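What follows is one structure encoded as structure tokens, with my remarks underneath.
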Amino acid sequence: MAETSTTAGGGTECPASADAPAAGKPRAVPPASGGGLGDPTALQLLRRLDSGPRGLTETQAEERLARFGENTLPARRPVPWAWRFLRSLRDPFTAVLLCLGLVSALVASWGTASVITVLVVVSCVLRSSGEHRADRSITALRELVAGTATVLRRTDADAVPTDRDLPVDQLVPGDVIRLGPGDLVPADVRLLRASGLTVYQAALTGESAPVAKYPVDAPGAGAGQLFEQPQLCFQGSGVASGSGTALVVATGAHTRFAASHRDLGRREASAFDRSVHGISWILVRFTLLPLLAAVLGLYAAGLVVTRSRYERRRAEDEAEDGRGYGFEHEFTHSDRGRRGERNHDGG
């Protein structure tokens, strides 16, 4: 049976099995979203990962490293400035300004069209600059990952575990690590034992105050917000005080830190964002309808003006033709009269 022990410093330790599980591959690695990290008990999680309180053997660690890969953040390709600028044109209000500028150009209002064009360019440049600063913040966040970690490893199944300082990229799910003041949490972990442990989670939640962490081994302990669960610590957070022993449950791209790293570059739209976007497109539609009506009105007015000019010019041409015909008729009649008079005089 499992039993609960207490540390000398007053901390608590999660139940541990009397016999370590047999060596093998972990049957599942909990997802980075946190679902299932706090729900099972520590003993169930140890069995799921085919690990134990004494840690992994070197053979097990090598097999899992080959299977799951190194504990590193996924690389991100830089986005070109031209693509950022073109992507910023999809903003609804920018589309409204472009439509206004087009209408201004159609009616030959070049001053208004120039001002609107300048506003669109400035807006796109500011948006692209903001995305560039966000990318630089992502690069800075990558430096928050620890360089080394204290890991319990064994040479074989019967050997006594020893504390070893290993590079963080060599950690695998199922490793048991030690945490102390000033350490950076190298992966997503489930606490097995803790004594006065508090951690900073500002890189993940923005909260500046340290958060108390301690093992919880009750079924359903994973209820509530992920970062508020006291039995879980996440990659990128730092130990403010106390110490603890923890089980590595997620590494590399499966950690919450990697998920937030991806979300900074490609964040899903929230309900507020979707509402603002919908309202923006409603405004665009209400703006485009009067613009369309104005364009159609101008086109119709142009047709009317063109037709009236054509009819007036046609009438003028007909009048000129009429005057020319009358003058020619009068000239012919007078010429005949003069000829008759000369013939009469000659006779």
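Within region 167-197, being surrounded by fewer than 18 Cβ atoms within 10 Å (Cβ to Cβ) and either free of Cβ contacts under 8 Å to residues at least 60 places away in the same chain or of a type in the set (Phe, Trp, Tyr) (or both) holds for 167, 182. Scanning region 91-128 for residues that are closer than 26 Å to residue 274 by Cβ, out of contact with any Cys (no Cβ under 8 Å at 6 or more places or on another chain) and among the hydroxyl-bearing types (Ser, Thr, Tyr) yields 123, 128.
Restricting to region 97-153, give me the number of residues that are modelled with pLDDT of 85 or more and closer than 20 Å to residue 74 by Cβ. So the answer is 1. Working only within region 200-226, note down all residues that are at pLDDT 90 or above, under 22 Å from residue 53 (Cα atoms) and either hydrophobic (A, V, I, L, M, F, W, C) or open to solvent by less than 30 Å² (accessible area, probe 1.4 Å) (or both). Correct list: 213, 215. Looking only at region 276-285, residues that are at pLDDT below 75 and of a type outside the set (D, E, K, R) come to 6 in all.
Please go through (1) free of Cβ contacts under 8 Å to residues at least 40 places away in the same chain; (2) assigned to a loop (DSSP other than H, G, I, E, B); (3) over 25 Å from residue 253 (Cα atoms); (4) among the acidic types (Asp, Glu) for residue 156 and return the number of the only condition it doesn't satisfy. All conditions pass for residue 156, except number (1). On the stretch given as region 252-275, residues that are modelled with pLDDT of 70 or more, farther than 30 Å from residue 66 by Cβ and among the small types (Gly, Ala, Ser) total 1. Residues of region 82-93 that are part of a helix (DSSP H, G or I) and either among the acidic types (Asp, Glu) or buried (at least 17 other Cβ atoms within 10 Å of the Cβ) (or both): 84, 88, 92. Any residue at all in region 101-109 that's within 22 Å of residue 66 (Cβ to Cβ), in contact with a helix residue (DSSP H, G or I) (Cβ under 8 Å, 6 or more places away or on another chain) and either in a strand (DSSP E or B) or not hydrophobic (A, V, I, L, M, F, W, C) (or both)? No, region 101-109 contains no residue that is within 22 Å of residue 66 (Cβ to Cβ), in contact with a helix residue (DSSP H, G or I) (Cβ under 8 Å, 6 or more places away or on another chain) and either in a strand (DSSP E or B) or not hydrophobic (A, V, I, L, M, F, W, C) (or both). Restricting 70, 58 to those that are under 27 Å from residue 204 (Cα atoms), of a type outside the set (Gly, Ala, Ser) and either open to solvent by 40 Å² or more (accessible area, probe 1.4 Å) or at pLDDT 75 or above (or both) reduces the list to 70. When region 44-55 is filtered for residues that are open to solvent by 30 Å² or more (accessible area, probe 1.4 Å) and within 37 Å of the chain's Cα centre (by Cα), the ones remaining, listed by number, are 44, 47, 48.
Could you list, in sequence order, all residues of region 104-124 that are hydrophobic (A, V, I, L, M, F, W, C) and without any contact (Cβ under 8 Å) to a residue 12 or more places away in the chain?
Correct list: 105, 108, 110, 115, 118, 121, 122.
The values are calculated or read from the model by the stated rules, or taken from the named source; none is laboratory data. Please read all numbers here as calculations on a predicted model, not as lab measurements. Here the Cβ is made from the backbone with ideal geometry for all residues, glycine too, and neighbour counts use every protein chain on show. Calculation scope for accessible area: heavy atoms of the full protein, side chains included, ligands and nucleic acids excluded. Shrake-Rupley method; radii C 1.70, N 1.55, O 1.52, S 1.80 Å.
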